[in-house]
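To start, the structure itself, in structure tokens.
A short reminder: the numbers here are calculations on the coordinates, not readings from a lab. Please read these numbers as outputs of a predicted model, since none were measured by experiment. Cβ coordinates were reconstructed from backbone atoms using ideal geometry, including for glycine residues, and neighbour counts include every protein chain displayed.
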Amino acid sequence: MRAESLLDTVGGTPLVRLSALWPGEEVRLWAKLEDRNPTGSIKDRAAIAMIAAAEADGVLSPGATLIEPTSGNTGISLAMAARRLGYRLICVMPENVSRERVSVLTLFGAEVRFSPAAGGSNEAVRVARALAVDNPDWVMLDQYSNPANARAHYETTGPEILADLPEITHFVAGLGTTGTLMGAGRFLGEHGVQIIAAEPRYGELVYGLRNLDEGFVPELYDETVLTRRYSVAARDAVRRVRELLAAEGIWAGVSTGGILHAALAIATAEAAAGRRADIAFIVCDGGWKYLSTGAFDGDLDDAEEALDGQLWA
Amino acid sequence: MTVSVRIPTILRGHTDGAKTVPGEGATLGDLLADLDSRHAGLSDRIVENGALRRYVNVYVDDSDVRFTGGLDTPLSEGASVTILPAVAGG
């Protein structure tokens, strides 16, 4: 495959059957390998689309400074594109993200500013939005509210899955910015597919708001797109990500384990009901950036303890 | 139905600091009424005008109740109910 630029290689990722993890023909499980994107995560789709939209709207011009709240992957995608296109990038990250994400961002030339661990990404959003107000010449693409985020998945991720698997009955993805589900989910929902969200359930520190009014629901989120929404604890996510590696040889990041946990709950329910089902889920990224988190060390008790307080998704 | 309810840090002022409290109810709505009889004011922090507050998520056995009937979500014996504030991901 030949391309004029790395940016042109986003998407077109494989959809792989997981017949070792879930044998049988009535219910089939499929993994969309989004780690096969330029910087190794699904966020390349949203990041490149948001930059292209801002350039088309005249909001971004050469030499501009981008600021973005991110727990990591979106920042890495933006950093790659910023390098290629000549922008300066400042990422605001919660201080409890994995070390690898900070290292990779720095390597790509992004400037990292930290927000307090307590409050998780809520605090990163708050800090970044305040910085954007104080620096009106900076451009905040804002992955939580930018329609180009969801549109990228409506126009690419969703159609790719439907083309590869016309018989799809269920789509399962992670809920963070909600871009994947609001885009690919909306597209597939229009084709009669049930849309299932898996959101990470972190340790208590991450929910350490001072009051409930500080809660955050991304502007992109529209609950009518979803059929069901599951909350997945770190222990279940780690168990599944290890099973995926052991059974299929796919080494994914921890959030993918959470998504797989929800996909397997659907598979079990459909099989018990005697229904045919084709369930596609998203592999968000590979396992590399999570080595330091402890997710892959020791037994499940060790990993659960190590992940407590970290933003593992 | 007797269930176990996980209380987020921010609402433990209503439960004398307890992380987990037992409760009774055939539905989530019944459960919140039962909890409020022992933990005054707790229900008001979760429900407003007969619906869940915007920044509060409630899960029964890890499934978001907004997709399973809301306050009418049925509870089974021994179910695990989790209350959490809505936070950003990504």
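One table, with the values for the structure above:
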quantity: Segment A:219-257 versus segment B:39-57: alpha-carbon centroid distance in Å; calculated: 28
quantity: Exercise: per-residue mean of other protein chain Cβ atoms within 10 Å, A:223-229; calculated: 3
quantity: For the protein assembly as shown, with +1 on Lys and Arg beta carbons and -1 on Asp and Glu, the positive-most of A:L162, A:G208, A:G274 along the dipole; calculated: A:L162
quantity: Amide H contacts under 5 Å for B:I7, placed H, 5+ residues apart; calculated: B:T20, B:V21
quantity: Table column - 3J(HN,Hα) (Hz), segment A:256-266, Karplus curve with 6.51, -1.76, 1.60, x for Gly and Pro; calculated: 5, x, x, 5, 4, 4, 5, 4, 6, 5, 5
quantity: Trypsin sites (Lys or Arg not before Pro) lying in DSSP loop within segment A:197-268, provided at most 10 other Cβ fall within 10 Å; calculated: A:R210
quantity: Centre separation in Å (Cα based) which lies between segment A:125-187 and segment A:53-91; calculated: 16
quantity: Cα extents of segment A:214-313 along the three principal axes, largest first (Å); calculated: 40, 38, 21
quantity: Over segment A:152-271, volume per residue of the alpha carbon convex hull, in Å³; calculated: 124
quantity: Prolate/oblate/rounded call for chain B, Cα gyration tensor, a/c under 1.5 rounded; calculated: rounded
quantity: Chain A, relative contact order [Cα under 8 Å, separation at least 6], %; calculated: 21
quantity: Within segment A:149-283: Cβ-based charge dipole about Cα centre, in debye rounded to nearest 20 (Lys, Arg +1; Asp, Glu -1); calculated: 400
quantity: DSSP beta bridges in the protein assembly as shown [antiparallel fraction, %, rounded to 5]; calculated: 40
quantity: Solution diffusion estimate, µm²/s, Stokes-Einstein, chain A, Kirkwood Rh from C-alpha pairs, 25 °C, viscosity 0.890 mPa s; calculated: 125
quantity: Charge dipole magnitude, Cβ of K and R +1, D and E -1 - the protein assembly as shown, Cα centre, debye nearest 20; calculated: 580
quantity: From phi via Karplus (6.51, -1.76, 1.60), per-residue ³J(HN,Hα) for segment B:67-84 in Hz, x at Gly/Pro; calculated: 10, 10, x, x, 5, 8, 4, x, 10, 9, 4, x, 4, 10, 10, 10, 10, 9
quantity: Per residue Cα convex hull volume in Å³ - calculated over segment A:35-99; calculated: 80
quantity: Cleavage-rule hits, trypsin sites (Lys or Arg not before Pro), segment B:19-61, DSSP coil, Cβ neighbours within 10 Å at most 13; calculated: B:K19, B:R54
quantity: Helix-only mean residue ellipticity at 222 nm for chain A, each DSSP H run of n ≥ 4 adding -39500 (n - 2.57), per residue, nearest 500; calculated: -10500 deg cm²/dmol
quantity: Estimated distance in nm for a label pair at B:M1 and A:V16, the labels positioned 7 Å out from Cα along Cα-to-Cβ; calculated: 3.9
quantity: Rounded tilt (10° steps) of A:234-248 against the dominant C-alpha axis of chain A; calculated: 60
quantity: Averaged over B:54-67, number of beta-carbon atoms from partner chains that fall within 10 Å; calculated: 5
quantity: 3J(HN,Hα) from dihedral phi, segment A:48-55, Karplus parametrisation 6.51/-1.76/1.60, rounded to Hz, x for glycine, proline; calculated: 5, 5, 5, 5, 4, 5, 5, 5
